[in-house]
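The values are calculated or read from the model by the stated rules, or taken from the named source; none is laboratory data. As the structure is a prediction and not an experimental result, all values here were calculated from the model. Here the Cβ positions follow ideal geometry from the backbone for every residue, glycine too, while neighbour counts run over all protein chains shown. Areas reflect the complete protein model, heavy atoms only, side chains present, ligands, DNA and RNA absent. Shrake-Rupley method; radii C 1.70, N 1.55, O 1.52, S 1.80 Å.
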Amino acid sequence: MTHPPLGEMLVTLRDTTPLVHCMTNYVAMNSTANLLLATGASPAMLHAPEEVAEFTAIAGALSINIGTLSTPWAESMQLAARTAKETGTPWVLDPVAVGATAFRQQVCTALLAHRPNVIRANASEVMALTGLASQGRGVDATTTTEDAAQAAIKLAQQQCCIVAMTGETDFITNGTHHYRLTGGHALMPRVTTLGCGLSALVAGFLAANQANPLSATLAALACFSIAGSRAGQQASGPGSFQVALLDALYALTPDDLSSLSQLETLHAV
Amino acid sequence: MTHPPLGEMLVTLRDTTPLVHCMTNYVAMNSTANLLLATGASPAMLHAPEEVAEFTAIAGALSINIGTLSTPWAESMQLAARTAKETGTPWVLDPVAVGATAFRQQVCTALLAHRPNVIRANASEVMALTGLASQGRGVDATTTTEDAAQAAIKLAQQQCCIVAMTGETDFITNGTHHYRLTGGHALMPRVTTLGCGLSALVAGFLAANQANPLSATLAALACFSIAGSRAGQQASGPGSFQVALLDALYALTPDDLSSLSQLETLHAV
Amino acid sequence: MTHPPLGEMLVTLRDTTPLVHCMTNYVAMNSTANLLLATGASPAMLHAPEEVAEFTAIAGALSINIGTLSTPWAESMQLAARTAKETGTPWVLDPVAVGATAFRQQVCTALLAHRPNVIRANASEVMALTGLASQGRGVDATTTTEDAAQAAIKLAQQQCCIVAMTGETDFITNGTHHYRLTGGHALMPRVTTLGCGLSALVAGFLAANQANPLSATLAALACFSIAGSRAGQQASGPGSFQVALLDALYALTPDDLSSLSQLETLHAV
């Protein structure tokens, strides 16, 4: 079994501290900024139509998350995504609860026209994006990751992008190559917006490693997997887990990523 | 002294993990989501007029908090509250700093027309809602809970709802039955938006226990009282208190609620 | 070497718990509120044009931070700043990433017309405000504090205000008297929005000590310097650092401020 060069991805991230333009939901903003800073990227949150294109053009990557969506923000997201495509800036779409309302489906359809480099979603969101029946009632994944793997592959092929579908087991595919990644900890779903922050971290790794988007995506997910496992060993609940996760991301080494421990496994499927 | 069946309320909350539609202020969003997740409910934050009614209809309960109010949000809150009433979805009003500006008074008056199931407020907010003189300069309670008990009863009778007035001692009334609850810790006012999160937690308990709204409300407050006491015993300041509070909410058992410890007391008055 | 009476500033802050009207970015709101509460001030976040002037007039101070700027918020900020000037309420400007886009420059220029009492910024923001070439790509300071000291003095003289330029070494000037303050910890830039929170804390100290704005500003920065040093000694990463910082701010004594330890130095230059 050969691993993608995940350790190298982290070295490049920290050497370049890429500026990640985050257009994310209000719940996730602070947490996302701290997750990026702890790992080694540089977050910037802004959304005004007067400046969003100007800023996307100077950012290393763009992360769009539709959590607390509104029409003004959707318009700014369109502008940013279009700019990202024009300037060759990699961008990530996090289609939070896309299956829950018609509004979210419309906004995501419009954003997909600007071809995200990566879609980071849970299983029910992936199912909703592919038009398959979804049980999603909101932000929770109610479809098992296993059941949704075919949907993820189909979505990656439809959109010519990488799909990083996260859950108890992560499934990552570019439509041709597929990986499963285990690890993390049962407390992770008890801390809000970790998935949102992971989407932005994927953007950070893409910015730092533009030639290897699949390895960059895997590296971001592996960071969460390993740091999540370690934080879970120290935590006595979701409060201490969140603190320990930031500390663990900060302490991660390239070697940690290159040689995943017993707790985490990554394999091609 | 017989206690309401608070332990059963927590069992039901965790068995059903109710979806709580939170329309809350920007300061409180992340903290509120984490407080709900730690205790056992499932938060979702969204506010766009395009989707708010659609979402309220599928949520188990709605929590409206006017902290960082604006006219667009006030209109969405109206829409959500009206939908909640039409669909029988229980909803909670948290009238942050209602006495501080005319704008807040107007918005709260309009929201009260949709008859919240519970009003969760501090003493000066309760006084302001009843039209009594308030000393409130903002988010702080400057009236003692004791002095405001009559105002709470009056408000509950006027609005045909439960009033959960929190402070050093909580006072809970449905206009007929009244309870006082002690516990918590002196550090709680030093952590921002705990009250906002408590309002959303009340909504979660209401969703899970629709037949027993008064016991559901008491259970939410008792969770904070007990977990707050325990967190305070571990904390060395407001930072470690917030972490310990989330861990303590996560660790709470139904037995903890059914048999309040020496630190906390609940009695009918 | 005689110190300004920093300890007295903290005594007054805690005795009066001044109400600080914070108009700050979405990322910083929760963190800022907690930093103020831990130290001893009382935060309130609101931004609606319907109430912002009414509230500024009753607040002890105003803090404006343009992090997640938009046109509606810029208009409310104008209204609040104008009201502050009319009512004699001290106010602080935090010009986040002002050099990054034309929109930010325009908004800051308009706000400066209302003459902030203090500008709290990093070196690249100070450079941008003085019209000097800035390397700022966003929220990071890429100019050394030393290099920017002359720009800070020039800005203070131009705007007739205090400039508190923070970084590895802080430089504080009212255009005539200048101070350098060391301390803090290398983990501070790894936690998001600490600078934003510091700006609001400066506002709190100004509110409590209107007769001594320079000492008040120094006291706020000294709080962060000392508490940051102490938190860094306990922390194992940015997660535990943030927790420890809140605890350390809460535990600060006036004596701590009056006699800065070996780790921190303050001297006039």
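Taken over the stretch B:177-198, the residue count meeting the criterion of being among the hydroxyl-bearing types (S, T, Y) and modelled with pLDDT under 95 is 2.
A:P5 falls short on exactly one of the conditions (1) within 27 Å of C:P95 (Cβ to Cβ); (2) modelled with pLDDT under 95, and that condition is (1). Within the option set C:A227, C:A244, being buried (at least 23 other Cβ atoms within 10 Å of the Cβ) and closer than 17 Å to A:A251 by Cβ holds for one residue only, C:A244.
In the stretch C:192-208, the residue that is nearest to C:D15 (Cα to Cα) out of those that are more than 10 Å from the chain's Cα centre (by Cα) and open to solvent by 10 Å² or more (accessible area, probe 1.4 Å) is C:A208. If A:L69 satisfies all but one of (1) within 14 Å of chain B (Cβ to nearest Cβ); (2) open to solvent by less than 10 Å² (accessible area, probe 1.4 Å); (3) under 20 Å from A:A220 (Cα atoms), what's the number of the condition it fails? All conditions pass for A:L69, except number (3).
Listed by first and then second residue, the pairs linking a residue in the stretch B:169-195 that is among the hydroxyl-bearing types (S, T, Y) to a residue that is buried (at least 24 other Cβ atoms within 10 Å of the Cβ) and in a loop (DSSP other than H, G, I, E, B), with Cβ atoms under 7 Å apart and 6 or more places separating them unless they lie on different chains, are B:T192/B:V27; B:T193/B:V27; B:T193/B:A28. Restricting attention to the stretch B:72-92, the residues that are surrounded by fewer than 24 Cβ atoms within 10 Å (Cβ to Cβ) and small (G, A, S) total 3. So is C:A235 at negative phi and open to solvent by less than 10 Å² (accessible area, probe 1.4 Å) or not? No; evaluated as a whole, the condition is false for this residue. In the stretch A:215-230, the residues that are of a type in the set (K, R) form Cβ pairs under 7 Å with partners that are surrounded by 24 or more Cβ atoms within 10 Å (Cβ to Cβ), at six or more places apart or across chains, as follows: A:R230/A:A248. The single condition among (1) modelled with pLDDT of 95 or more; (2) within 13 Å of another protein chain (Cβ to nearest Cβ); (3) surrounded by fewer than 18 Cβ atoms within 10 Å (Cβ to Cβ) that C:S31 does not meet is (3).
The rows are residues; the columns are (1) farther than 30 Å from A:S42 by Cα; (2) of a type in the set (D, E, K, R).
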| residue | (1), (2) |
| --- | --- |
| C:G7 | yes, no |
| C:T24 | no, no |
| C:V27 | no, no |
| C:L37 | no, no |
| C:E51 | yes, yes |
| C:T56 | yes, no |
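Taking the criterion of being facing chain B (nearest Cβ under 9 Å) and crowded, with 23+ Cβ neighbours inside 10 Å, the residues of the stretch C:53-66 that qualify are C:F55, C:A59. Contact annotation: residue pairs with Cβ atoms under 9 Å, 6 or more positions apart or on different chains, pairing a residue in the stretch A:235-250 that is in contact (Cβ under 8 Å) with a residue 60 or more places away in the chain and more than 7 Å from every other protein chain (Cβ to nearest Cβ) with a partner that is aromatic (F, W, Y) and buried (at least 24 other Cβ atoms within 10 Å of the Cβ), are A:L249/A:F224. Annotation note: of C:A231, C:A200, C:A207, C:A227, the sole residue that is closer than 24 Å to C:N65 by Cβ, within 14 Å of another protein chain (Cβ to nearest Cβ), part of a helix (DSSP H, G or I) and in contact with a His (Cβ under 8 Å, 6 or more places away or on another chain) is C:A231.
Here is a yes/no grid of residues against (1) at pLDDT 95 or above; (2) within 14 Å of another protein chain (Cβ to nearest Cβ):
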residue: C:S76; (1), (2): yes, yes
residue: C:V96; (1), (2): yes, yes
residue: C:I119; (1), (2): yes, no
residue: C:M127; (1), (2): no, no
residue: C:T144; (1), (2): no, no
residue: C:C160; (1), (2): yes, no
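Just so you know, in the stretch B:35-52 the residues that are in contact with a Pro (Cβ under 7 Å, 6 or more places away or on another chain) and buried (at least 24 other Cβ atoms within 10 Å of the Cβ) include one that is nearest to the other protein chains (Cβ to nearest Cβ), and it is B:A38. When C:T193, C:T217 are checked against the criterion of being within 14 Å of another protein chain (Cβ to nearest Cβ), out of contact with any Pro (no Cβ under 9 Å at 6 or more places or on another chain) and of a type in the set (S, T, Y), C:T193 stands alone in meeting it.
Quick one: A:C108 ticks every box in (1) part of a helix (DSSP H, G or I); (2) more than 27 Å from C:A97 (Cα to Cα); (3) modelled with pLDDT under 95; (4) not basic (K, R) bar one, so which box is it? A:C108 satisfies all of (1) part of a helix (DSSP H, G or I); (2) more than 27 Å from C:A97 (Cα to Cα); (3) modelled with pLDDT under 95; (4) not basic (K, R) except (3).
Taking the criterion of being more than 9 Å from C:L257 (Cβ to Cβ) and either more than 10 Å from chain B (Cβ to nearest Cβ) or surrounded by fewer than 17 Cβ atoms within 10 Å (Cβ to Cβ) (or both), the residues of the stretch C:6-19 that qualify are C:V11, C:T12, C:L13, C:R14, C:D15, C:T16, C:P18.
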